[in-house]
Amino acid sequence: MLAKNLVHEAVLAGHSARFITASDLILDLTAQDTARGLDRRLRAYARPSLLCIDEIGYLSYDAHAADLLFQVVSRRYEQKSIVLTTNLAFKAWNTIFPNASCAVALIDSPHASRRDLDH
């Protein structure tokens, strides 16, 4: 609910914003039949001022899905805001992402990632 309220407030303040579940985002991206179609969808997710991806960790992802999620995050990195919601502690992200380095790269907090990975 907090993430939805952030998106709502961003829209009220005149910013573009998008709220989507992680599973819907992955379904959308994996449904693209061509590289051009995939690039078009990735640009669409890079466009809003704020992107909220909800329920990361609700389902586990194969390597391809994790790479697609990483592409969305990396296209927004240091340019636009992103909110990721999950009910999992970061140290448990290896249960949903097959590539632990991909999960670490999704987090822009080297102190948090080192602390959580050490435990």
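The values are calculated or read from the model by the stated rules, or taken from the named source; none is laboratory data. On a predicted model such as this, the values are computed, not experimentally measured, just so you know. For neighbour counting, all protein chains shown are included, and Cβ atoms are generated from backbone atoms with ideal geometry for every residue, glycine included. The protein model used for the area step is the full one, side chains on, heavy atoms only, and it has no ligands, DNA or RNA in it. Shrake-Rupley method; radii C 1.70, N 1.55, O 1.52, S 1.80 Å.
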Quick check: is even one residue across the range 99-113 assigned to a helix (DSSP H, G or I) and either among the β-branched types (Val, Ile, Thr) or modelled with pLDDT of 90 or more (or both)?
-> yes
Scan the range 66-90 and report the pairs whose first residue is within 11 Å of ILE56 (Cβ to Cβ) and whose second residue is in a helix (DSSP H, G or I) and open to solvent by 60 Å² or more (accessible area, probe 1.4 Å), with Cβ atoms within less than 7 Å and a gap of 6+ or a chain change.
-> VAL83/LEU6
When every residue in the range 50-84 that is among the basic types (Lys, Arg) and in contact with a strand residue (DSSP E or B) (Cβ under 8 Å, 6 or more places away or on another chain) is compared, the one nearest to ILE96 (Cα to Cα) is ARG76
Determine whether the range 28-49 contains at least one residue that is farther than 20 Å from HIS8 by Cα, open to solvent by less than 80 Å² (accessible area, probe 1.4 Å) and touching a strand residue (DSSP E or B) at 6+ places or on another chain (Cβ under 6 Å).
-> no
Inspect the range 51-59 for any residue being in contact with a Pro (Cβ under 7 Å, 6 or more places away or on another chain) and either crowded, with 18+ Cβ neighbours inside 10 Å or at pLDDT 90 or above (or both) and give the result as yes or no.
-> no
Sort out which residues of the range 79-91 are assigned to a loop (DSSP other than H, G, I, E, B) and within 17 Å of HIS15 (Cβ to Cβ), and write them in order of number.
-> GLN79, LYS80
Residue check: is HIS8 without any contact (Cβ under 8 Å) to a residue 12 or more places away in the chain and not in a loop (DSSP other than H, G, I, E, B)?
-> yes
